[in-house]
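These notes are about the structure you will find just below.
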Amino acid sequence: MQRIFLLFLIFACATANAQVYRRVGPDGQVYFSDHPGPDAEKVEATPAQAVRLPPVREPTDTTTQSGSGDAGQQEEASNAYASFVIASPANGEAVRANDGNVTIQLSLQPQLKPGHTIALKIDGEDGQDISTGEGLAIELTNMSRGQHSVEVTVVDDEGNALIQAGPVSFHVLRVGVGGE
């Protein structure tokens, strides 16, 4: 009933001079209307909250078109990554995984470049490396219950760390068997 009321208030606030009336029916239910009726009282609706988001900016090309720039700087700028985050699990999240399998979702912008890999660290120890940019998901299998941390780094073909995400700490929830 509250959801209907909230939806109605949002709709009512969207119209310029709309009035909202409230009445209690014989069955004890509360009714809202835009028409005054017997036993109806006027409800003051506050304006809905609005948020203005900044416009989305297109990434700009940082390489120069003229031959006067340093080639190493141009290559480095073209290999730059804008963002790298561990999308899930969220930091501090509890993950129910009775089989111990946890999926780590990554977001990398722009996608992984040829020759680059994503190095994974689980609880401070090296894990698997990813060398493809398609579907940045890592399946961790047979994780023990308790707290774990994950950290990922994009590494170029020479072993240089380019961008890092994490660490993210999460808890694996598993059913204990035999009173463990």
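The values are calculated or read from the model by the stated rules, or taken from the named source; none is laboratory data. All of these numbers come straight from a predicted model, not from anything done at the bench. All Cβ positions, even for glycine, are placed from backbone atoms using ideal geometry, and neighbour counts span all protein chains on display.
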Study note, to complete from the structure: Residue pairs within 9 Å by beta carbon, gap of at least six or interchain, first lying in the stretch 34-59 and outside the structural domain of P110 (by TED's automatic domain parsing), second polar (S, T, N, Q) and at pLDDT below 80, listed first then second, are D34/T15
Check your understanding: For the stretch 95-118, what are the residues that are under 18 Å from the mean Cα position of the chain (by Cα) and under 15 Å from L140 (Cα atoms)?
Key -> V95, V102, T103, I104, Q105, L106
Check your understanding: Looking at (1) crowded, with 18+ Cβ neighbours inside 10 Å; (2) touching a residue at least 60 places away in the same chain (Cβ under 8 Å), which is the only condition G92 fails?
Key -> (1)
Check your understanding: Do the conditions hold for L112, that is, is it in a strand (DSSP E or B), surrounded by 14 or more Cβ atoms within 10 Å (Cβ to Cβ) and at pLDDT 70 or above?
Key -> no
Revision key, fill the gap. Within the stretch 82-109, residues being assigned to a strand (DSSP E or B) and closer than 14 Å to A165 by Cβ number 12
